[in-house]
1. Can you tell me which residue is nearest to ligand 1 (Cβ to nearest atom) among those in segment 9-29 that are free of Cβ contacts under 8 Å to residues at least 12 places away in the same chain and of a type in the set (D, E)?
2. Take D23 and tell me if it is farther than 21 Å from A11 by Cα and among the acidic types (D, E).
3. List the strands (runs of 3 or more DSSP E) inside segment 1-92, counting only whole elements, that have at least 3 residues being away from ligand 2 (no atom under 14 Å from the Cβ), surrounded by 11 or more Cβ atoms within 10 Å (Cβ to Cβ) and at pLDDT 95 or above.
4. Evaluate segment 37-48: report whether one residue or more is over 19 Å from F7 (Cβ atoms) and either away from ligand 1 (no atom under 16 Å from the Cβ) or without any contact (Cβ under 8 Å) to a residue 12 or more places away in the chain (or both).
5. Given the conditions (1) free of Cβ contacts under 8 Å to residues at least 40 places away in the same chain; (2) more than 14 Å from ligand 1 (Cβ to nearest atom), which single one is not true for I32?
6. With the requirement that a residue be surrounded by 21 or more Cβ atoms within 10 Å (Cβ to Cβ) and assigned to a loop (DSSP other than H, G, I, E, B), what does segment 95-115 give you?
7. Filter segment 33-50 down to residues that are over 12 Å from the mean Cα position of the chain (by Cα) and not polar (S, T, N, Q) and give me whichever is farthest from F98 (Cα to Cα).
Amino acid sequence: MADDCLFCKIARGEIPAKVLYRDDEVVAFEDINPQAPFHVLVIPCRHISTLNDAEDGDEGLLGRLVLCAARLAREHGHAADGYRTVFNCNRGAGQTVFHIHLHLLGGRSMDWPPG
Ligand code: AMP
Ligand code: ZN
């Protein structure tokens, strides 16, 4: 837990967010600046700054993030048409909030490779 971390505060309920799912380990909420009609961030409640900081023992937690994203995509009707899941790691990849988050984007077609 990091006192000055935006996503730790969202996980603790100290900053409002449009939460779609919450349990003891994972929170999923709408991105405040959506890049697709459906843009959700799935985060661990525990503070991990970047994917580089995930360790042996975090497999279960990281797997829960991915499965949570897949379940939300299914529940919101994006499974058949498709959706994208992305971890940006460090500034060169576009990471701006240093608490890991899995982007879940759906509701539009997407290009590859990403910019
Ligand atoms: P990244 O650039 O991969 O670090 O993604 C950070 C994401 O967090 C961006 O898509 C932002 O729009 C989003 N974001 C920043 N602040 C908030 C907030 N208070 N609530 C929801 N999403 C946020
Ligand atoms: Zn944090």
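The values are calculated or read from the model by the stated rules, or taken from the named source; none is laboratory data. This one's a predicted model, so the numbers in the text were calculated from it and none came from an experiment. In this analysis, Cβ positions are derived from the backbone assuming ideal geometry, glycine residues included, and neighbour counts consider all displayed protein chains.
1. E14
2. no
3. Result: 19-22, 38-44, 83-86.
4. No, every residue in segment 37-48 fails to be over 19 Å from F7 (Cβ atoms) and either away from ligand 1 (no atom under 16 Å from the Cβ) or without any contact (Cβ under 8 Å) to a residue 12 or more places away in the chain (or both).
5. Going through (1) free of Cβ contacts under 8 Å to residues at least 40 places away in the same chain; (2) more than 14 Å from ligand 1 (Cβ to nearest atom) one by one, I32 breaks only (2).
6. Passing the criteria: H99, I100, H101.
7. Top of the filtered list is P37.
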